[in-house]
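Written out below as structure tokens is the structure these notes cover.
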2 protein chains.
Amino acid sequence: MTRQELFSNICRKRSFLCVGLDSDINKIPEHLFDLSDDPIFEFNRAIIDATADLCVAYKPNLAFYESLGTAGLDALERTVDYIAANYPDQFIIADAKRGDIGNTASMYARSFFGNMNFDALTVAPYMGEDSVTPFLAYEGKWVVLLALTSNSGAFDFQFTKDESTGEPLFEKVLRTSQQWGNADNMMYVVGATKAEMLADIRRIVPEHFLLVPGVGAQGGSLQQVAKNGMNAQCGLLVNSSRQIIYASSAPDFAQAARTEAMKVQREMEELLIING
Amino acid sequence: MTRQELFSNICRKRSFLCVGLDSDINKIPEHLFDLSDDPIFEFNRAIIDATADLCVAYKPNLAFYESLGTAGLDALERTVDYIAANYPDQFIIADAKRGDIGNTASMYARSFFGNMNFDALTVAPYMGEDSVTPFLAYEGKWVVLLALTSNSGAFDFQFTKDESTGEPLFEKVLRTSQQWGNADNMMYVVGATKAEMLADIRRIVPEHFLLVPGVGAQGGSLQQVAKNGMNAQCGLLVNSSRQIIYASSAPDFAQAARTEAMKVQREMEELLIING
């Protein structure tokens with residue numbers, strides 16, 4: 001998917017919502033276990049069908065699938081195939097935070113972009129250029145590089161200021177990585193819990209899309225994110241996982257997820273008008 | 001496995017070799033495809049049987065297995081189970097370089113330490129404390145944290161000097177992470193291509209084991225690593241992957257791997273005597 005296509009989808013749907021499929025076998029509604037021998041896929045399918053007109057992206061979190069072994073991997077592949085077949089306008093992000101030397105990164109690229117139908121993969125920057133560029137070799141695919149994360153541990157290293165430039169590490173990641181890719185094949189993770197910093201980040205990466213986790217369960221404000229982070233092509237994908245997918249554990253969980261997603265979409269629609 | 005047990009194994013086998021199981025479906029000997037419908041496992045089993053008395057650890061690289069989908073995951077699980085059942089004195093490292101927020105890290109910990117029989121997991125430090133500590137909650141299991149990697153991209157961020165202390169990022173990782181774990185549940189990745197820096201690193205982490213990739217195919221020198229990095233309990237696991245496992249693609253590949261592993265083991269035996 002191109003940046004222009006993603007922006008078109010955002011305009012048409014009046015939403016920049018990404019629904020995080022952190023689908024946990026211990027949290028999904030119990031009745032799904034009676035309905036299917038692949039309850040995780042059944043859960044995802046119901047969530048997807050209930051929210052696809054309200055969001056522009058889905059983000060399965062690989063840890064939740066890997067923890068179930070081959071059954072989890074099957075559920076993941078079925079989910080990605082289901083989205084790609086039924087909702088081809090959705091941008092599908094593998095939240096896997098990979099990062100390894102070149103020949104290993106090439107293997108991961110083959111997994112996510114060759115074997116599976118993902119549009120994008122989250123990547124950790126610690127190992128530098130040759131851990132990122134193999135993913136950029138895939139036409140139409142995206143790297144979503146970690147810059148400033150939403151968790152408490154973000155303060156351990158990401159704010160380390162460079163002796164020679166005074167810039168914190170996350171800014172160095174933003175600046176340096178622009179030599180590897182561009183706004184048409186690279187996005188950045190910037191946590192909503194640091195929304196006040198989005199204006200500074202926009203000065204470094206004015207054109208790039210930012211994937212923003214941490215709205216909702218982690219406490220970030222959507223208004224702040226939009227005010228400080230939106231650019232002329234929206235430039236934001238805001239992720240919400242738990243608040244939407246676990247809105248209810250009753251048999252009407254998908255409807256409850258839709259209600260939550262609609263609340264977010266309506267707020268986003270207003271923000272697109274105000275800031276657009 | 002405890003640190004003392006690992007050191008005992010090193011002394012008994014006169015080796016601190018870790019064999020990296022970067023088992024690539026495109027590189028393993030062709031005849032294995034006729035022998036078995038799980039040629040990756042057959043390859044690994046032959047390599048393991050031929051080298052287990054010469055090494056103290058095995059390190060499957062997750063990317064190579066994930067790239068084969070569920071079949072790869074099956075081969076990985078069979079490999080780990082095979083090592084654990086037949087060579088219980090081997091330390092088994094999942095080279096997966098995970099790193100994510102706390103609830104996701106807990107899921108990964110369940111995968112590698114709960115569901116699978118790994119002793120250790122490589123972890124990326126970028127996201128800080130809460131991305132690491134969930135793995136340390138497993139008694140007898142280890143985090144192998146990336147500090148200074150062996151690839152060219154290591155120079156992009158790992159040497160960034162902290163404005164307030166002057167220390168490069170990889171040293172900050174070494175120092176800060178000692179508040180999270182200790183020498184009995186944490187090791188560090190330090191590339192052999194930076195062997196001259198091992199003496200400085202030893203001053204920061206005198207007791208910890210270091211996992212050293214990059215000897216052999218990537219060009220690092222084992223003598224330099226031992227001279228600068230060895231401590232009173234050896235404190236080193238030196239990994240070799242391609243040089244050993246792809247020593248030959250003929251039907252005698254396992255014997256060829258043994259010959260290469262034996263060369264390394266004999267060199268290690270001398271180094272243990274000289275530096276021990």
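Bear in mind that the values in this text are calculations on the coordinates, not laboratory data. Note that the coordinates shown come from a computational prediction; the quantities given were computed from them, not determined experimentally. Cβ placement follows ideal geometry from the backbone for every residue including glycine, while neighbour counts extend to all protein chains displayed.
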Task: Candidate lysines for bridging to B:Lys161, where Cα separation is under 20 Å - those fewer than 8 sequence places away on the same chain excluded - done: A:Lys161, A:Lys172, B:Lys172, B:Lys194
- [ ] Please get the size of the charge dipole for the protein assembly as shown, origin at its Cα centre, with Cβ charges of +1 on Lys and Arg and -1 on Asp and Glu, quoted in debye to the nearest 20.
- [x] 1120
Open item on the list: If each label sits 7 angstrom from Cα along the C-beta direction, how far apart, in nm, is B:Asp89 from its counterparts in the other copies?
Closed with: 6.4
TODO: Report, ordered by chain and residue number, the aspartates and glutamates lying within cross-link reach of B:Lys97, taken as a straight Cα distance under 17 Å and ignoring same-chain residues fewer than 8 apart.
DONE: A:Glu66, A:Asp95, A:Asp100, A:Glu129, A:Asp130, B:Asp22, B:Glu66, B:Asp119, B:Glu129, B:Asp130
Task: Dipole axis of chain B (+1 Lys, Arg; -1 Asp, Glu on Cβ), positive-most option in B:Ile40, B:Phe113, B:Leu222 - done: B:Leu222
Task: Unit charges on C-beta of K, R, D, E only; dipole of segment A:3-275, Debye - done: 700
Open item on the list: Suppose you put the label 7 Å out from Cα in the Cβ direction; list, shortest first and in nm with one decimal, how far A:Ala199 is from each other copy's label.
Closed with: 5.1
TODO: Any chance you could give the angle, 0 to 90 degrees and rounded to 10, that helix B:3-13 forms with the longest Cα principal axis of chain B?
DONE: 50
- [ ] Report the label-to-label distance for B:Asn26 and A:Ser8 in nanometres (one decimal), using points 7 Å from each Cα along the Cα→Cβ vector.
- [x] 3.3
Task: Label point 7 Å beyond Cα along the C-beta direction, distances from B:Asp34 to other copies (nm, shortest first) - done: 5.5
TODO: Run the quick spin-label model on B:Glu207 and B:Gln179: label points 7 Å from Cα toward the beta carbon, then report their separation in nm to one decimal.
DONE: 1.9
- [ ] Out of all DSSP beta bridges with both ends in segment A:89-236, state the antiparallel percent to the nearest 5.
- [x] 10
TODO: Measure nothing but the geometry: give the 0 to 90° angle between the long axis through the Cα atoms of A:253-275 and the longest principal axis through the Cα atoms of chain A, rounded to 10°.
DONE: 30
TODO: Divide by every residue of the protein assembly as shown the summed helix terms, -39500 (n - 2.57) for each DSSP H run of at least 4, and state the resulting mean residue ellipticity at 222 nm, rounded to the nearest 500 deg cm²/dmol.
DONE: -12000 deg cm²/dmol
Task: On Cα atoms only, tilt of A:39-51 relative to the major axis of chain A in degrees - done: 70
